[in-house]
Amino acid sequence: MMRQRLLRWSAYLAVAIVFAVVCAYLSNWQFSRNDGRQTQLELVQQNYDAKPVPLDQLLSPGEALPQKSQWHPVELHGRYEPSGQLLVRNRPHGGTSAFEVLVPFRTDDGRVFIVNRGWVIAGDGSDVPTSIPSPPSGEAKVVARLRPAEPLPPSGRGAPEGQVPSINLALVADKIGGGTAVDTGAYGELVSESPAPATRPHAFEAPSDDPGPFLSYAIQWILFAIMGFIFIGYVIRTEIVKHRDEAAGRAPRDPRRRRDRDMADEDALLDAVQH
């Protein structure tokens, strides 16, 4: 009998250990996500309002955007090429699904850099914008914040003519075509244009400084692991108490019977006080 109980308790403990290992893995995953989020927040705080620098200072032609340069403003001199304008569909802005406006910008040294000028909404009763503010014509100075290229969505490359499903710069370069060598290492979110146009797409909001729930989730998984051992300990202790009662010839303790007895004692005490 004792051997059976030990085997059963060993199985209980094994289940608790496996559960704790899973909880530890999930907790570590949430800690990693929290570290990543903290890195992003520090990067935004360091770069977002930094002084603009020339593009070549942070990004060489053909180079992927270094993480340390994300969100840093750069200054471009040249002219827009509006014939290559594309819309990025299904972007969440203003509580609705909007379009972001990508326009190639040819710098004075010949680089073609994609500028995301902002977002516009579809017209009433239409699934495309009724009008898109034009960029400045001729020579212009642009300040934009560096952002990395996006992956293609699970749905793939499909999008209507003149649109793309994400800011996948390889796809954008392919859509623009015409032998234009587009920078695919990064694009820029527009900060300002000079000369300033009369109207422009809606500007982007600053990135959120919310650290996210990752740290609290990580701590919760640790608590779940501890609670698993506490529960197994409670189950084993209950079985031990039951076995001792049976060995002593007493009926197993019934918590409900004890509560009923306590209630009867309380009623008797109230009757004594009233009389």
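The values are calculated or read from the model by the stated rules, or taken from the named source; none is laboratory data. Computed from a predicted structure; not experimentally measured. FYI the Cβ positions are ideal-geometry reconstructions off the backbone, even for glycines, and counts take in every protein chain you see.
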Matching residues, the stretch 135-156, being out of contact with any Lys or Arg (no Cβ under 9 Å at 6 or more places or on another chain) and either more than 24 Å from ASP109 (Cβ to Cβ) or part of a loop (DSSP other than H, G, I, E, B) (or both):
PRO148, ALA149, GLU150, PRO151, LEU152, PRO153, PRO154, SER155, GLY156
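Hey, among SER83, SER10, SER27, SER60, which residue is among the small types (Gly, Ala, Ser) and part of a loop (DSSP other than H, G, I, E, B)?
Details: SER83 fails: part of a loop (DSSP other than H, G, I, E, B); SER10 fails: part of a loop (DSSP other than H, G, I, E, B); SER27 fails: part of a loop (DSSP other than H, G, I, E, B).
Every option except SER60 fails the conditions.
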Is it the case that SER131 is of a type in the set (S, T, N, Q), crowded, with 19+ Cβ neighbours inside 10 Å and more than 22 Å from GLU75 (Cβ to Cβ)?
no
Which of the residues spanning the stretch 194-203 are assigned to a strand (DSSP E or B) and touching a residue at least 60 places away in the same chain (Cβ under 8 Å)?
HIS202
For the stretch 63-79, does any single residue satisfy the condition of being closer than 19 Å to VAL142 by Cβ, among the hydrophobic types (A, V, I, L, M, F, W, C) and touching an Asp or Glu at 6+ places or on another chain (Cβ under 8 Å)?
no
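Suppose we filter ARG37, ARG3 for residues that are out of contact with any Lys or Arg (no Cβ under 6 Å at 6 or more places or on another chain), surrounded by 13 or more Cβ atoms within 10 Å (Cβ to Cβ) and on the phi < 0 side of the Ramachandran plot; which single one remains?
Numbers: ARG3 fails: surrounded by 13 or more Cβ atoms within 10 Å (Cβ to Cβ).
Testing whether each residue is out of contact with any Lys or Arg (no Cβ under 6 Å at 6 or more places or on another chain), surrounded by 13 or more Cβ atoms within 10 Å (Cβ to Cβ) and on the phi < 0 side of the Ramachandran plot leaves just ARG37.
Identify, please: which residue in the stretch 30-57 is of a type in the set (A, V, I, L, M) and assigned to a helix (DSSP H, G or I) and is, among those, nearest to HIS77 (Cα to Cα)? Show your work before the answer.
In the first step, residues of the stretch 30-57 are kept if they are of a type in the set (A, V, I, L, M); the result is 41, 43-44, 50, 53, 55.
Checking the rest, the ones that are also assigned to a helix (DSSP H, G or I) come to 41, 43-44, 55.
Values: LEU41: 29, LEU43: 26, VAL44: 24, LEU55: 10 Å.
Per the criteria, the residue is LEU55.
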Testing SER216 on (1) among the polar types (S, T, N, Q); (2) in a loop (DSSP other than H, G, I, E, B); (3) surrounded by fewer than 14 Cβ atoms within 10 Å (Cβ to Cβ), one condition comes back false. Which one is that?
(2)
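If we scan the stretch 96-103, do we find a residue that is in the same structural domain as LEU59 (by TED's automatic domain parsing) and at pLDDT below 90?
Of the residues in the stretch 96-103, the ones in the same structural domain as LEU59 (by TED's automatic domain parsing) are 96-103.
Add one more test, that the residue is at pLDDT below 90, and what stays is 96-97.
Yes: the stretch 96-103 contains one or more residues that are in the same structural domain as LEU59 (by TED's automatic domain parsing) and at pLDDT below 90.
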Just a yes or no: is a residue in the stretch 167-178 without any contact (Cβ under 8 Å) to a residue 12 or more places away in the chain, closer than 23 Å to LEU65 by Cβ and not in a loop (DSSP other than H, G, I, E, B)?
yes
